[in-house]
Amino acid sequence: MTTKRNIYDYLFNIDLKKYFEILSQQKGFVLCFCLSAIITSLALTYLFSEKYVAGITIYYRPVETSLMRMKDVASFGAPAPTPPFRVIVQTLVDIVRSDVILRPLVTELGLDKEVEKSESGWIQRWYHVAKDSVKRYSANLWLLMKHGRIIQEEPVVSAIKEFRENINIRATKDSYIYVLTVKDQYPERAAKIVDTVGVRLVEWLTQQGFAPALLRHSKLEAHLEKKADEINKYYDERHKLLTDNNIISVKDEIEEGITRLYELETEYIRLDAGAQGKTKMVEALLKSIHDNSKSFSNPDYLKDMEKKSLFEKADLQGLIATREAMGESIDALKMRLQTLLDVQSWLAKMNMKNEASTRRYINLNDLVLESFSQTYISECEVKIMHHAEIPLKPVQPIKIYHVGLTLLLGLCFSVGMVYVFAFFNIRTFFVSRGVKGRRNDPAIK
């Protein structure tokens with residue numbers, strides 16, 4: 001019958017010797033389990049392709065530059081601070097893993113194509129065939145379990161994904177030295193890939209270092225050309241306006257026109273006064289002739305008076321015609337002067353705009369020259385310190401790590417299974433000897 005004392009002894013009075021005896025009885029099971037796990041793990045390491053790591057060292061340092069000009073924000077303080085190292089490192093990692101760098105390299109180096117293996121014997125050939133088949137079927141099985149169907153990717157896309165997983169760049173603590181590494185199953189190709197990636201990365205960073213200055217220079221050149229077109233357009237319009245109006249010098253022609261207008265108006269006043277005097281004289285002669293014709297005076301005298309009146313009428317008509325022609329000349333000269341004044345007003349306004357455009361053109365020209373000199377100064381210093389060497393030893397898989405981890409897990413799992421079997425009184429391997437578990441302990445009966 002079970003009592004409280006028996007239960008207490010069962011729970012707290014543990015006989016370790018008995019447990020070691022159980023483990024000693026089943027040491028064969030533990031040994032076989034661990035040995036099979038180790039052999040399986042070791043065999044799996046041969047199914048995975050060996051990876052070689054090749055690396056190069058890159059020197060990359062952002063350059064702090066500022067243009068000290070009047071009315072410039074940078075003139076009132078220090079230049080913008082350099083971003084922290086972790087930002088630079090993450091930026092470089094994103095760059096080397098981007099399609100901008102990877103896609104051209106995959107096509108150039110032929111990473112999307114199968115490498116022809118030069119096997120020395122049929123055993124090695126069949127080994128590679130079996131390994132590739134296992135990898136292919138495993139990948140298809142995973143796709144089938146993941147998507148419910150097998151989706152075949154393009155070789156370039158899959159090569160880019162694999163390339164992205166096997167490339168990395170890191171900084172040596174807080175310094176401007178960065179290490180670019182590439183993993184590949186062929187040591188010669190790993191060295192070639194990392195050298196090519198390093199060259200492309202340096203070219204891209206150098207291009208981006210000059211890009212802000214080149215962009216600024218191109219924008220300033222566009223503004224400069226626009227201002228030059230405005231100035232040339234002004235001179236073309238000015239030349240066309242002066243040519244259409246037959247003007248050589250607006251100022252001289254205005255002065256000459258005013259002088260000529262004064263002379264014509266003076267002459268017009270003189271002619272008008274002469275015409276009025278002639279008119280009165282002709283009227284007086286006509287009146288005298290009319291009066292004498294009634295009084296039957298001397299006919300010769302009347303004849304002379306009529307002849308004189310005819311001459312005076314002719315002179316009067318000449319004066320009137322001259323005065324009218326003079327008036328027309330005055331009107332034409334006034335219109336010419338008005339045109340000259342309008343042209344002078346337009347030229348004055350356009351001269352002000354042209355002076356402003358010229359000043360802006362000079363300033364832009366100075367900025368263009370300055371920006372042109374800046375195009376030879378990069379915003380970063382970048383260069384490859386040394387090229388990659390062909391690695392001699394693979395970095396993965398490390399067989400001792402896999403075997404050691406498998407041995408540790410196998411020991412834990414097999415020992416646990418032994419005690420579970422002992423607790424449920426399950427016989428394993430050695431059925432004749434069996435296992436005496438705690439379920440048959442008389443202390444709990």
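Please treat every number below as a calculation from the coordinates, not as lab data. Keep in mind that this is a model prediction, so the values were computed, not measured. Cβ placement follows ideal geometry from the backbone for every residue including glycine, while neighbour counts extend to all protein chains displayed.
Numbers for the structure displayed
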item	result
Residue pairs, from the table K278/K307; K240/K353; K219/K349; K173/K393, whose Cα atoms sit over 24 Å apart	K219/K349; K173/K393
Stretch gain in nm, segment V403-L35, where the contour uses 0.36 nm per residue and the Cα spacing is subtracted	131.5 nm
Amide H within-cut-off set for N168, under 5 Å, with H built and near neighbours excluded	T181
Calculated from backbone phi, Karplus (6.51, -1.76, 1.60) coupling profile of region 25-31 in Hz, x at Gly/Pro	5, 10, 5, x, 4, 4, 5
Computed FRET value (nearest 0.05) for T339 with Q207, which takes r as the C-beta separation and R₀ as 51 Å	0.30
Linear extension gain, F311 paired with M417, 0.36 nm per residue minus alpha-carbon span	22.5 nm
Inter-probe distance in nm under a simple model that places probes 7 Å from Cα toward Cβ, at Y235 and R61	4.8
Amide H partners (placed H, <5 Å) of Q185, local residues excluded	Y52
Karplus-derived HN-Hα couplings along region 262-276 (A = 6.51, B = -1.76, C = 1.60, θ = phi - 60°), whole Hz, x at Gly and Pro	4, 5, 5, 5, 5, 5, 5, 5, 4, 5, 5, 5, x, 5, 5
Dipole axis of region 221-374 (+1 Lys, Arg; -1 Asp, Glu on Cβ), positive-most option in Q374, A275, L242	A275
For region 347-357, 3J(HN,Hα) per residue [Karplus equation, 6.51 cos²θ - 1.76 cosθ + 1.60, θ = phi - 60°, Hz, x = Gly/Pro]	5, 5, 5, 5, 5, 5, 5, 5, 5, 5, 5
Cβ-derived FRET efficiency at R0 30 Å, L42 paired with N140, nearest 0.05	0.75
Backbone N within region 306-322 under 15 Å of label point (7 Å from A284 Cα along the Cβ vector)	308-309, 312-313
